[in-house]
Amino acid sequence: MVVTVLLITFFLPKQPRFRYEFEKGKVWLNKDLVSPFSFAILKTTPQVVTDKQDALDNVLPIYTYNSDILNSVEEAYLNEFDVKWRSAAFSDAEKTYYKTASLNLLKSIYEKGIIATNPKHQKGAKYYDLSLLNNNISKKVSSQDLFTVQTALDFFSSTFKATDLRIKDLVINLVEDHLQPNILFDEKMTSIVQNNTVSSLSTTRGMVQKGELIIAKGNVIDDDAYQKLQSFKATYEAQTKTIGDRNLVYLGQVMLVGFILSLLMVFLYLFRKDIFADNRQLSLILLVITSMLLALTWAIKMNLPSLYYIPFCIVPIIIRILFDTRLALYLHLLVILIAGFFVPNSFEFVFYETTAGMVAIYSIRNLIKREQLLLSALFILTSYFICFVGVALLREGSFQEIEWVNFVPFSVSVLLSLLAYPLIYAFERVFGITSDIALIELTNTNNKLLRELAFKAPGTFQHSLQVANLAEAAIFKIGGNSLLVRAGALYHDIGKIENPQYFIENNTGKSPHDKLPYEQSAQIIIKHVLKGIEITRKHQIPESVIDFIRTHHGNTRVDYFYQSYLKNSPEKFVDENIFRYPGPIPFSKETGVLMLADSVEAASRSLKNPDAQNINDLVERIIDYKLAQNQLDNCDLTLKDLETIKLIFKTMLMSIYHVRIDYPKTM
């Protein structure tokens, strides 16, 4: 427990915790809150998003004037002009004039600028403003004041004059082939300016001065007050990271976590001493607690968008299946209480997880089918959904304001809770705990060990089936683990596989005991208990089932051989322990019921006339004998339980032997 406390607290966040919990729209029930220091009021997320968008809208796209394009266009134009002029066989006297005139006009167009327009910047309009960068000097211009390739060509066509239309067409076609934009969009520079603009935006909107009232007691927490409280909390937590004493914070965590785990130990000591005394089971419980809280710590340090991604419901599912409902609920509450210290909106968190955990426990009261785990996940998801919608309506008062995307973490958490199924199997193997699922597998008569029993000792196998039916019906009525009783009953005589012919239910001819001394016969009979323990341990049968093998005869005598020895050797000293089972006597309802069922079923086979009276007398005699022999002293069976058991045994035996019940005649 000490290691668990130190391990959990070592990794938990170490800054002091903000003391107030608040929700928008609720009444402030604490005392008047006066600011102990000055702090800036943070803008809300929607406000920050709006400011960013407005700032980006005000950043003009940056275009760069590229002078190198004119040089390359001029060189290509002049070279091709000579070739085209010569090919057209025009007069060389006019060549220089038209060449110079067209080139000057082309230069004037490029000096003004030809822009490559971007539809993204037009935003549905024909013209847009831009920032033109030329020689590191920026100026705001409109695309209307610049040429496009088409408007530049139109301008050239209307401005250039020639006496011969053929010359004009040649020049215009030549210019059209060489026109290209020299004002280009600079995406990289625009992105840098946009990022600088956004990063320079203020995330605050005013100040709260030291000594100023933040909110008065009884006031409703409106949007303005809520934002002040959020800002105060953020500033407080930022300051305490550097100001607060981490050692004292750690001490507080150790005290709280240690106290809560101490309560768990007290609970186990008072109500589940079997777990308290079992280090394996105790280690499993502490491991589950530690793992879940370390997962929470990891989520906090990784800054997960929501802590509801963590499958807290996996704790009650595992503990319920491996132990019981009460321990599962108690342990879940303890984990949630510890986690509540380190999550935002702790009351809301505790409400969500407590209700979901209760639903998880109720929905898997008896996990005997795989589909129950899926149904449980569906019920947990429904629980989360009801709580999510209810809290949202309580806070916002409108369906339209519900942010449905916030429900995604709950869905992921429910899916992760299905990991409980493989974890249960792992915990069973590592910690030697038997769940209902394991018991169901053990009671399958196609199990290898039970098939061997049916083949080698068919009489014993049939006896075990009848005992299982009797014991299961009785324990179901008086309250107990019926699956455990059935498993114990099926394996309680498994040791008879060793020498099946020495047991009367498997013997169809002459008894081999006729040739043996009574002491040796008694030891062979007694040995089936020790042999059963050896066989089941070899096949890794759980200890909880092996307990039924140990206790089903208690420390009673093998009376047939004991009495025969006394009768035939009255002069000899007899060591009674030779004829007595090693024990122990039954120590639970389940083992006690099995002892009674085993004795009653075995004795009923000797009835020559199994009528109602004989069966009634037999059951009464067997149970009274066990009481007289103090075999039921350590189990929890009451006198009322015994009367119920007698009635069930009598009824079932009468059904087995087809006894007709005589009903009293009515007038």
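The values are calculated or read from the model by the stated rules, or taken from the named source; none is laboratory data. Just so you know, these numbers come straight off a predicted model, no measurement behind them. Every residue, glycine among them, receives a Cβ derived from its backbone with ideal geometry; neighbour counts consider all protein chains shown. Note: accessible area is taken over every heavy atom of the protein model, side chains too, but ligands, DNA and RNA are not part of it. Shrake-Rupley method; radii C 1.70, N 1.55, O 1.52, S 1.80 Å.
Figures for the structure shown
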{"quantity": "J(HN,Hα) series, segment 48-61, from Karplus relation 6.51 cos²θ - 1.76 cosθ + 1.60, nearest Hz, glycine and proline x", "calculated": "5, 5, 5, 4, 5, 5, 4, 5, 5, 5, 7, 7, 6, x"}
{"quantity": "For segment 343-360, 3J(HN,Hα) per residue [Karplus equation, 6.51 cos²θ - 1.76 cosθ + 1.60, θ = phi - 60°, Hz, x = Gly/Pro]", "calculated": "10, x, 6, 4, 5, 4, 4, 4, 5, 4, 6, 5, 5, 5, x, 5, 4, 4"}
{"quantity": "FRET efficiency, D324 to D278 (Cβ-Cβ, R0 22 Å, nearest 0.05)", "calculated": "0.95"}
{"quantity": "Gyration tensor verdict on segment 585-629 (Cα atoms; rounded if a/c is under 1.5, prolate if a/b is larger than b/c, oblate otherwise)", "calculated": "prolate"}
{"quantity": "Potential lengthening between Q144 and L374 on full extension [0.36 nm per residue; Cα-Cα distance subtracted]", "calculated": "76.2 nm"}
{"quantity": "Helix-only [θ]222 nm of the chain, DSSP H runs n ≥ 4, -39500 (n - 2.57) each, per residue, nearest 500", "calculated": "-20000 deg cm²/dmol"}
{"quantity": "Approximate spin-label separation V405-N118, in nm, with each point projected 7 Å along Cα-to-Cβ", "calculated": "2.6 nm"}
{"quantity": "FRET efficiency, 1/(1 + (r/R0)^6) with R0 45 Å, evaluated for L287 and Q462 via beta carbons", "calculated": "0.55"}
{"quantity": "Positive-pole candidate from Q631, L327, S346, dipole of the chain, charges at beta carbon", "calculated": "Q631"}
{"quantity": "Beta bridges by DSSP in segment 71-225, antiparallel share as percent, to the nearest 5", "calculated": "75 percent"}
{"quantity": "Packing-based ranking, highest mean first, of 334-347, 154-167 given that Cβ atoms within 10 Å are counted", "calculated": "334-347, 154-167"}
{"quantity": "Residues of the chain: accessible area per residue with a 1.4 Å probe, Å²", "calculated": "54 Å²"}
{"quantity": "Average Cα contact separation per residue, segment 262-377, under 8 Å, 6 or more apart, as relative contact order %", "calculated": "21 percent"}
{"quantity": "Size of charge dipole - the chain - debye, nearest 20, with Cβ of Lys, Arg +1 and Asp, Glu -1, no other charges", "calculated": "1200 debye"}
{"quantity": "Label-zone membership for segment 70-84, site D169, 7 angstrom Cα→C-beta point, backbone N under 16 Å", "calculated": "84"}
{"quantity": "Estimated dipole of segment 467-625 in Debye, rounded to 20 [Cβ of Lys and Arg +1, of Asp and Glu -1, Cα centre]", "calculated": "300 debye"}
{"quantity": "Overall form of segment 555-667 per C-alpha gyration tensor (a/c, 1.5; a/b vs b/c)", "calculated": "oblate"}
{"quantity": "Two-site label geometry, D636 and L213: point separation in nm, points 7 Å out along Cα→Cβ", "calculated": "6.0 nm"}
{"quantity": "Linear extension gain, D129 paired with L423, 0.36 nm per residue minus alpha-carbon span", "calculated": "99.5 nm"}
{"quantity": "Student exercise, segment 475-518 dipole from Lys, Arg, Asp, Glu Cβ charges, in Debye to nearest 20", "calculated": "120 debye"}
{"quantity": "Share of carbon and sulfur in the accessible heavy-atom surface of the chain [1.4 Å probe, %]", "calculated": "57 percent"}
{"quantity": "Charge sum, other residues only, whose C-beta stays under 15 Å from F503's C-beta, Lys/Arg counted +1 and Asp/Glu -1", "calculated": "0"}
{"quantity": "Ranked by how many other beta carbons lie within 10 Å on average, peptides 197-203, 647-653, 315-321 from highest", "calculated": "315-321, 647-653, 197-203"}
{"quantity": "Relative contact order %, the chain, counting alpha carbon pairs below 8 Å whose residues are six or more apart", "calculated": "12 percent"}
{"quantity": "Signed unit charges on C-beta, dipole axis of the chain, positive-most listed residue N134, L415, L78", "calculated": "L415"}
{"quantity": "Dipole axis of the chain (+1 Lys, Arg; -1 Asp, Glu on Cβ), positive-most option in L284, L146, V593", "calculated": "V593"}
{"quantity": "Acute angle (nearest 10 degrees) that the helix 612-628 long axis makes with the longest principal axis of the chain, alpha-carbon atoms", "calculated": "80 degrees"}
{"quantity": "Packing rank of 594-602, 140-148, where each peptide gets the mean count of other beta carbons within 10 Å, highest leading", "calculated": "594-602, 140-148"}
{"quantity": "Label zone at D32, where the point sits 7 Å out along the Cα-to-Cβ direction: segment 197-240 residues whose backbone N lies under 13 Å", "calculated": "211-219"}
{"quantity": "Shape of the chain, Cα gyration tensor, a/c cut at 1.5", "calculated": "prolate"}
{"quantity": "Relative contact order %, segment 280-348, counting alpha carbon pairs below 8 Å whose residues are six or more apart", "calculated": "27 percent"}
{"quantity": "Using θ = phi - 60° and Karplus 6.51 cos²θ - 1.76 cosθ + 1.60, couplings along segment 383-396 (whole Hz; Gly, Pro as x)", "calculated": "4, 4, 5, 4, 5, 4, 5, x, 5, 5, 5, 4, 8, 9"}
{"quantity": "Cβ-Cβ FRET estimate between F351 and T644, R0 fixed at 51 Å, reported to 0.05", "calculated": "0.75"}
{"quantity": "DSSP beta bridges in the chain [antiparallel fraction, %, rounded to 5]", "calculated": "75 percent"}
